[in-house]
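Student: Mind looking over this structure? Questions follow.
The values are calculated or read from the model by the stated rules, or taken from the named source; none is laboratory data. These numbers were taken from a predicted model, which means no experiment stands behind them. Note that each Cβ is placed from the backbone with ideal geometry, even for glycine, and that neighbours are counted across all protein chains shown.
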């Protein structure tokens, strides 16, 4: 193995943990930091293959603008995770943990991706929401 090949192998080995770390960084967003006149935050507390659990303090007292901003956060998270569709399970009273399920198919049942807490009456909408529906509204790009 020549010196150049050894150097490339060494660089690849050194950088691979950084790539892994970057892919597993948990999501966080703040409406105030993005210039909104209201203050709501989203913090991803855990991540599974097709689901994220988000802490959203004040979720049940959110305003209409905050609710729309949250839909942009769900869309942003889906795009960052490489998905084209999302579904949201609102938390029950007393909890501020939102379950967001992801898929690349509009035919996926939200029940499959939001988790064992699935309850139809707490779902946002009836099916999977395409990211394209909110990308323009939210000013997001793939």
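Student: Output the residue which, of all residues in the stretch 96-123 that are touching a helix residue (DSSP H, G or I) at 6+ places or on another chain (Cβ under 8 Å) and not in a strand (DSSP E or B), is farthest from residue 70 (Cα to Cα).
Tutor: Applying the first criterion (touching a helix residue (DSSP H, G or I) at 6+ places or on another chain (Cβ under 8 Å)) to the stretch 96-123 yields 96, 98-103, 118, 123.
Filter once more, keeping what is not in a strand (DSSP E or B): 96, 118.
Numbers: 96: 13, 118: 19 Å.
Here the answer is 118.
Student: Also, I was wondering about something else. Can you name the condition, by its number, that residue 126 falls short on among (1) within 14 Å of the chain's Cα centre (by Cα); (2) not in a strand (DSSP E or B)?
Tutor: Checking residue 126 against (1) within 14 Å of the chain's Cα centre (by Cα); (2) not in a strand (DSSP E or B), the one that fails is (1).
Student: Against the definition (surrounded by fewer than 18 Cβ atoms within 10 Å (Cβ to Cβ), modelled with pLDDT under 95 and out of contact with any strand residue (DSSP E or B) (no Cβ under 9 Å at 6 or more places or on another chain)), how does residue 62 come out, yes or no?
Tutor: no
Student: Next question. Within the stretch 38-59, work out how many residues are over 10 Å from residue 27 (Cβ atoms) and out of contact with any strand residue (DSSP E or B) (no Cβ under 7 Å at 6 or more places or on another chain).
Tutor: Residues flagged as over 10 Å from residue 27 (Cβ atoms) and out of contact with any strand residue (DSSP E or B) (no Cβ under 7 Å at 6 or more places or on another chain) within the stretch 38-59 amount to 6.
Student: Considering only the stretch 124-142, state which residues are in contact with a strand residue (DSSP E or B) (Cβ under 9 Å, 6 or more places away or on another chain) and surrounded by fewer than 17 Cβ atoms within 10 Å (Cβ to Cβ).
Tutor: Correct list: 125, 127, 130.
Student: What's the total number of residues in the stretch 1-48 that are within 23 Å of residue 59 (Cβ to Cβ) and either modelled with pLDDT under 50 or part of a strand (DSSP E or B) (or both)?
Tutor: Just the residues of the stretch 1-48 that are within 23 Å of residue 59 (Cβ to Cβ), to begin with: 25-48.
Next, from what is left, pick out any that are either modelled with pLDDT under 50 or part of a strand (DSSP E or B) (or both): 28-30, 41-48.
Count: 11.
Student: Answer with yes or no whether residue 92 is surrounded by fewer than 18 Cβ atoms within 10 Å (Cβ to Cβ) and farther than 20 Å from residue 26 by Cα.
Tutor: Working: surrounded by fewer than 18 Cβ atoms within 10 Å (Cβ to Cβ): yes; farther than 20 Å from residue 26 by Cα: yes.
Criteria met by residue 92.
Student: Might you check whether a residue that is outside any loop (DSSP other than H, G, I, E, B) and exposed (fewer than 15 other Cβ atoms within 10 Å of the Cβ) occurs anywhere in the stretch 70-82?
Tutor: As a first pass, look at the stretch 70-82 and keep what is outside any loop (DSSP other than H, G, I, E, B): 70-80.
Those still in the list that are exposed (fewer than 15 other Cβ atoms within 10 Å of the Cβ) too: 80.
Among the residues of the stretch 70-82, at least one is outside any loop (DSSP other than H, G, I, E, B) and exposed (fewer than 15 other Cβ atoms within 10 Å of the Cβ), which makes the answer yes.
Student: Something else now. Just checking, does the stretch 102-109 include any residue being within 24 Å of residue 39 (Cα to Cα), surrounded by 16 or more Cβ atoms within 10 Å (Cβ to Cβ), touching a residue at least 40 places away in the same chain (Cβ under 8 Å) and under 16 Å from the mean Cα position of the chain (by Cα)? Give the derivation first.
Tutor: Kept after step one, since they are within 24 Å of residue 39 (Cα to Cα), are these residues of the stretch 102-109: none.
No: zero hits.
Student: Residue 134 is checked against (1) closer than 16 Å to residue 53 by Cα; (2) outside any loop (DSSP other than H, G, I, E, B); (3) touching a helix residue (DSSP H, G or I) at 6+ places or on another chain (Cβ under 8 Å) and fails just one. What number does that condition carry?
Tutor: Exception for residue 134: condition (1).
Student: Sort out which residues of the stretch 77-101 are out of contact with any strand residue (DSSP E or B) (no Cβ under 7 Å at 6 or more places or on another chain) and closer than 18 Å to residue 131 by Cα, and write them in order of number.
Tutor: Within the stretch 77-101, the subset out of contact with any strand residue (DSSP E or B) (no Cβ under 7 Å at 6 or more places or on another chain) is 79-80, 82, 92-95.
Within the stretch 77-101, 79, 80, 82 meet the criteria.
Student: Right, residue 52: under 24 Å from residue 116 (Cβ atoms), in contact with a helix residue (DSSP H, G or I) (Cβ under 8 Å, 6 or more places away or on another chain) and either buried (at least 20 other Cβ atoms within 10 Å of the Cβ) or at pLDDT 95 or above (or both) or not? Spell out the reasoning first.
Tutor: Numbers: under 24 Å from residue 116 (Cβ atoms): yes; in contact with a helix residue (DSSP H, G or I) (Cβ under 8 Å, 6 or more places away or on another chain): yes; either buried (at least 20 other Cβ atoms within 10 Å of the Cβ) or at pLDDT 95 or above (or both): yes.
When the stated conditions are applied, residue 52 passes them.
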